[in-house]
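Scroll down for the structure; my scribbles are underneath it.
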Amino acid sequence: MLPAKHFAETTATNTASLILLEFDRVGLEYIVDNKPKRIIEDVSLSINEGEFVSIVGPSGCGKTSILKMVSGLNPTAIGEIRLQGKKITKPLKNVGIAFQNPVLLPWRNTLKNVLLPLEVVQPYKREYKQRLPEYKRMAQELLATVGLQDFQQQLPWQLSGGMRQRASLCRALIHQPEILLLDEPFGALDAFTREEMWVMLQNLWMRVKCVGILITHDLREAVFLSDTVYVMSPRPSSIIYQLKIDLPRPRTLEMCLTDDFNHLFSDIRRHIRRS
Ligand SMILES: Nc1ncnc2c1ncn2[C@@H]1O[C@H](COP(=O)(O)OP(=O)(O)OP(=O)(O)O)[C@@H](O)[C@H]1O
């Protein structure tokens, strides 16, 4: 049986109260020229189940490094990041990741690219062959949510950049991750396509309702998608501002033109400092 939360038609809210992820005085140093260089000074925050957060801040302040620490690919050596109270020390299984460049396998069509995590991640992998028809339906449901129902058989080179990114988001979510990590996923797209992608990402996320952590330089994108926006300072960085976004969901692009939206945007903008 699939977990009950599978694509439940639920409405995401920012009222979730159970903490899923905790950053406890997290720091980061890299060795540069044989000397430790402090990148992140001290980050403490907690993210509730089903919450979508964005992290914004000047270039080089360590945003991508934070995602690597959360994913367990580069576990933190200073302070702790805890998932359900347990320190993250190795790569997490139940994570979906989407980067600026949607890396789809060029020899697999859209549907097969989306199915990939179910082929390699347990417990799905174990039953892949027996449950393939059901898995295909899950993939098709996701592809329909992002308007790619008619592009299942296309290879990546036959898709536009925005379509590839939509497929990549479906792939990141097909195995129902607890955490979705997004590193400037729409940075390479034109402004109009990017705004369409906000709506699609919101639709997908409201179906799956996992924790979302978005790294972005686009403050409007952060406001549109988030329950909470965290602003980081220049290096050595820390969180210098935190803003709850209480706009109702589902959010629409028209809302970006309202005074409420613009106040939130301006508030965050005032707190961004350059390195
Ligand atoms: N493996 C590494 N070894 C040494 N230094 C690193 C390593 N990875 C990142 N850095 C440095 O750490 C700092 C933070 O990098 P990171 O990519 O996390 O920043 P960022 O905030 O995501 O930047 P941007 O907004 O420009 O993408 C940068 O100065 C970068 O050069």
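Amide H to amide H, which residues 5 or more places from residue 79 or on other chains are under 5 Å from it, using H placed in the peptide plane?
The answer is 27.
Helix 161-173 versus the longest principal axis of the chain: what is the Cα-based angle in degrees, 0 to 90, to the nearest 10?
Approximately 90 degrees, to the nearest 10.
Counting alpha carbon pairs within less than 8 Å and at least 6 residues apart, what relative contact order, in whole percent, applies to region 33-145?
13 percent
Per the helix-only calculation at 222 nm, which mean residue ellipticity applies to the chain, given -39500 (n - 2.57) for every DSSP H run of n ≥ 4 and division by its residues, nearest 500 deg cm²/dmol?
-9500 deg cm²/dmol
Pop out the ³J(HN,Hα) list for region 36-45 in order, Karplus 6.51 cos²θ - 1.76 cosθ + 1.60 with θ = phi - 60°, rounded to Hz; leave Gly and Pro as x.
Per-residue couplings from phi come out as x, 10, 6, 9, 10, 7, 6, 10, 10, 6 Hz.
Determine, from the Cβ-Cβ distance of residue 73 and residue 188 and an R0 of 22 Å, the FRET efficiency 1/(1 + (r/R0)^6), rounded to the nearest 0.05.
0.50
May I ask for the Kirkwood hydrodynamic radius of region 16-79, worked out over all distinct Cα pairs and given in angstroms to one decimal?
Over region 16-79, the inverse of the mean reciprocal pair distance is 12.8 Å.
In whole percent, what relative contact order does the chain give with Cα contacts below 8 Å and a gap of six or more residues?
27 percent
Working from Cα positions, state the angle (0 to 90°, nearest 10) between the long axis of helix 132-145 and the longest principal axis of the chain.
Once rounded, the angle reads 60 degrees.
What residues of region 114-147 lie in the reach of a label at residue 196, counting those whose backbone N is under 18 Å from a point 7 Å from the Cα along Cα→Cβ?
Only 142-147 fall inside the zone, counting backbone N under 18 Å.
For region 206-275, what does the relative contact order come out to in percent, with C-alpha contacts under 8 Å and a separation of six or more?
The value is 33 percent.
Roughly how many nanometres apart are two label points built 7 Å out from the Cα toward the Cβ at residue 254 and residue 90?
Each label point lies 7 Å from its Cα, and together they span 5.2 nm.
As a quick test, which of the pairs 63/87; 86/244; 63/90; 37/63; 86/112 have an alpha carbon distance above 24 angstrom in this structure?
86/244; 86/112
Given the whole protein assembly as supplied and a 1.4 Å probe, what does the accessible area of residue 89 come to in Å², nearest 10?
Taking all protein chains as shown, residue 89 has close to 90 Å².
Can you give me the Kirkwood hydrodynamic radius for the chain, using every pair of distinct Cα atoms, in Å to one decimal?
19.3 Å is the Kirkwood radius here.
List the residues, sorted by chain then number, that are 5 or more residues from residue 232 or on another chain and whose placed amide H is less than 5 Å from its amide H.
56, 57, 240
If you place +1 on the Cβ of every Lys and Arg, -1 on the Cβ of every Asp and Glu, and leave all else neutral, what size is the dipole of the chain about its Cα centre, to the nearest 20 Debye?
In debye, rounded to 20, the chain gives about 940.
Please report the net charge: other residues with Cβ closer than 12 Å to the Cβ of residue 175, K and R +1, D and E -1.
Computed value for this residue: +1.
When only the heavy atoms of the protein chains count and the probe is 1.4 Å, how do 52, 192 rank by accessible area, highest first?
Most to least solvent-accessible, the answer reads 192, 52.
Using only the alpha-carbon atoms, how far is helix 191-208 inclined from the longest principal axis of the chain? Give it as 0 to 90 degrees, nearest 10.
The two axes meet at around 80 degrees.
At R0 = 30 Å, how high is the FRET efficiency between residue 244 and residue 30 if r is their beta carbon distance? Nearest 0.05 is fine.
0.40
The values are calculated or read from the model by the stated rules, or taken from the named source; none is laboratory data. Computed from a predicted model, the values in this text were never measured in an experiment. Ideal geometry is used to build each Cβ from the backbone, glycine not excepted, and the neighbour counts take in all protein chains shown. Calculation scope for accessible area: heavy atoms of the full protein, side chains included, ligands and nucleic acids excluded. Shrake-Rupley method; radii C 1.70, N 1.55, O 1.52, S 1.80 Å.
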